[in-house]
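Worksheet for the structure shown next.
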Amino acid sequence: MNPERKTLLIQIGLFLTTIITTALAGAEWMFGRSFLDSSADMGWPQFLRGFEFCIPFLGFLTVHEFGHFFAARSRKVKVTLPYYIPLWLGFITSIGTAGAFIKIKEKITSRVDYFDIGVAGPLAGFVVAMFTLWFGFTHLPLIDYIYEIHPEYAQYGYEYGKYAYGDEVSTLAIRLGDSVIFNFMQDTFANPELLPHPNETTHYPLIFAGYLGLFFTALNLLPIGQLDGGHILFSLIGGKNFNVVSPILFTCLVTYAGLGFFTYEEFQLVRGDESADQYMFYFKFLAYGYFMYLCFSRIFETPQKNLILALSIIALQLGLSCILPSFVGYSGFLAFSFLLGRVLGVYHPPVTNESPLNLTRTIIGWLSLLIFIGCFSLQPLG
């Protein structure tokens, strides 16, 4: 078979599979039940409802990736069609996909090319996410919608949130985090009487899909390494400056992500305890230390310097946990930090054409970084 035809069939197969897995995941979020639970009454009708999440969320992903694709083609850079990554396990919560990506098939040689290709995807996807949120907030269903999912709430009426959630249940519920743009869209366009309780927002597929669009836009616009935001900042300030700023921003991200993962108070509690729990605690701490070393293993050229940096960040985290015990980071960013630090790298490859951006691109570039700030949430899912 022709290699190009084989690649196209793989891409189509991945896309179709991702449609199915995203619809499955969407239905599970909407109804709060798993398809693998035989007692959950999840079948074909629920699967079809899952497309209410699948279509806007995959629409966001697709527009994002084709933003990159068409920008690359316009700059005469060879690029593949998107590869979608289906991911649905059923027994744990997922969104049905691990994202999508395109492959650049040749070396990019100028800051302008990096900028145009890097900025096109996030901006295009951001427009879709904003439209999805606008439509979701302006077309909120009546309260009967939540009663279909939780019939037990009907007895409480519009104020079900005051009665349905004790402390134990609240800690188990998944809430969408705050961001400047999400809060603006909600406050501007939503009917307050129809807004769901924060613990129930994930049952609303358009709002959930739009929120995830903002979240993934923020992740892609992180001005670190070879993320889209990294390409943008690199193009704005040049390689020499970027390779100073990027590792600093990465260090801030890792520091925040692991803040509160281990605390000074925990060390005080296990001191003098000779039980197996003490040794398990220290084993976990050593594993965490090695994980942090891996995150920083490509910052400096020597392992010793990277180890010193990792230990310094752990010491800083413990110190901050002692001074500000209530301020904790978001451990979900740790996996992303590992991907950046160990796999993708925090530095940017050089280019042969260092010509700076024109005024229009410069304005768009800084605006895109403002969009990152507006979309970013310190606690995306809590």
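Quick look at the numbers
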item: Residue list for the stretch 51-64, restricted to those being within 15 Å of residue 207 (Cβ to Cβ), touching a Pro at 6+ places or on another chain (Cβ under 9 Å) and crowded, with 22+ Cβ neighbours inside 10 Å; result: 53, 54, 56, 57
item: Candidates 214, 219, 249 - the one that is in the same structural domain as residue 108 (by TED's automatic domain parsing), over 30 Å from residue 150 (Cα atoms) and in a helix (DSSP H, G or I); result: 219
item: Selection from the stretch 219-277 of residues that are surrounded by fewer than 21 Cβ atoms within 10 Å (Cβ to Cβ), of a type in the set (Asp, Glu) and under 20 Å from residue 108 (Cα atoms); result: none
item: Yes/no for residue 108 being touching a residue at least 24 places away in the same chain (Cβ under 8 Å), outside any helix (DSSP H, G or I) and out of contact with any Asp or Glu (no Cβ under 9 Å at 6 or more places or on another chain); result: yes
item: Residue satisfying all of: in the stretch 335-353; loosely packed, with under 13 Cβ neighbours inside 10 Å and β-branched (Val, Ile, Thr); nearest to residue 293 (Cα to Cα) among these; result: 343
item: Residues located in the stretch 167-192, provided they are at pLDDT 90 or above, not polar (S, T, N, Q) and not in a helix (DSSP H, G or I); result: 176, 177, 178, 190, 192
item: Selected residue (only one of 340, 367 is out of contact with any His (no Cβ under 6 Å at 6 or more places or on another chain) and without any contact (Cβ under 8 Å) to a residue 60 or more places away in the chain); result: 367
item: Some residue of the stretch 114-123 being within 18 Å of residue 211 (Cβ to Cβ), in contact with a Phe, Trp or Tyr (Cβ under 9 Å, 6 or more places away or on another chain) and not in a helix (DSSP H, G or I); result: no
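The values are calculated or read from the model by the stated rules, or taken from the named source; none is laboratory data. Quantities reported herein were computed from a predicted structural model and do not represent experimental measurements. Don't worry about glycine lacking a Cβ; one is built from the backbone with ideal geometry, like all the others, and counts go over all protein chains shown.
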